[in-house]
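The values are calculated or read from the model by the stated rules, or taken from the named source; none is laboratory data. Computed from a predicted structure; not experimentally measured. Cβ atoms come from the backbone with ideal geometry, glycine included; neighbour counts cover every protein chain shown. Accessible surface is based on the protein model in full, side chains and every heavy atom, while ligands, DNA and RNA are left aside. Shrake-Rupley method; radii C 1.70, N 1.55, O 1.52, S 1.80 Å.
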Amino acid sequence: MANYRVNKNVDTNSRGDNEVHQESCIHYYQLLNFEYLGNFSNCAGAVQEAKNRGYKADGCRKCCPSCHNG
């Protein structure tokens, strides 16, 4: 299980996605505008939770490569 956050700022990537980051990611603590998603067993659950909250969510290519679509 790991903690996840979604980046509210869509200007950080070219596709305009809200990237989901796992607590172990270098970007996790650098996010200034984020929403805490909760504790999940994998990135798929965290990305789905972000989508359920209305975000255009995608997994971070570094910490959530199996959930990254770009």
**Q.** Only listed residue being acidic (Asp, Glu), part of a strand (DSSP E or B) and open to solvent by 10 Å² or more (accessible area, probe 1.4 Å), chosen from Glu35, Glu49
**A.** Glu35
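Within segment 17-32, which residues are open to solvent by 30 Å² or more (accessible area, probe 1.4 Å) and in a loop (DSSP other than H, G, I, E, B)? Write out each step before concluding.
In the first step, residues of segment 17-32 are kept if they are open to solvent by 30 Å² or more (accessible area, probe 1.4 Å); the result is 19, 22-24, 26-27, 29-30, 32.
Once the filter is applied, which keeps residues that are open to solvent by 30 Å² or more (accessible area, probe 1.4 Å) and in a loop (DSSP other than H, G, I, E, B), segment 17-32 yields Glu23, Ser24, Ile26, His27, Leu32.
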Q) Scanning segment 52-70 for residues that are open to solvent by 80 Å² or more (accessible area, probe 1.4 Å) and assigned to a loop (DSSP other than H, G, I, E, B), which turns out modelled with the lowest pLDDT? A) Asn69
Q: Take the residues in segment 1-16 that are in a loop (DSSP other than H, G, I, E, B) and farther than 14 Å from Gly45 by Cβ, then tell me which one is modelled with the highest pLDDT.
A: Lys8
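Residues of segment 8-28 being closer than 12 Å to Cys63 by Cβ and either among the acidic types (Asp, Glu) or out of contact with any Phe, Trp or Tyr (no Cβ under 7 Å at 6 or more places or on another chain) (or both), which ones?
Initially, segment 8-28 is screened for residues closer than 12 Å to Cys63 by Cβ, giving 19-28.
Within segment 8-28, Glu19, Glu23, Ser24, Cys25, Ile26, His27, Tyr28 meet the criteria.
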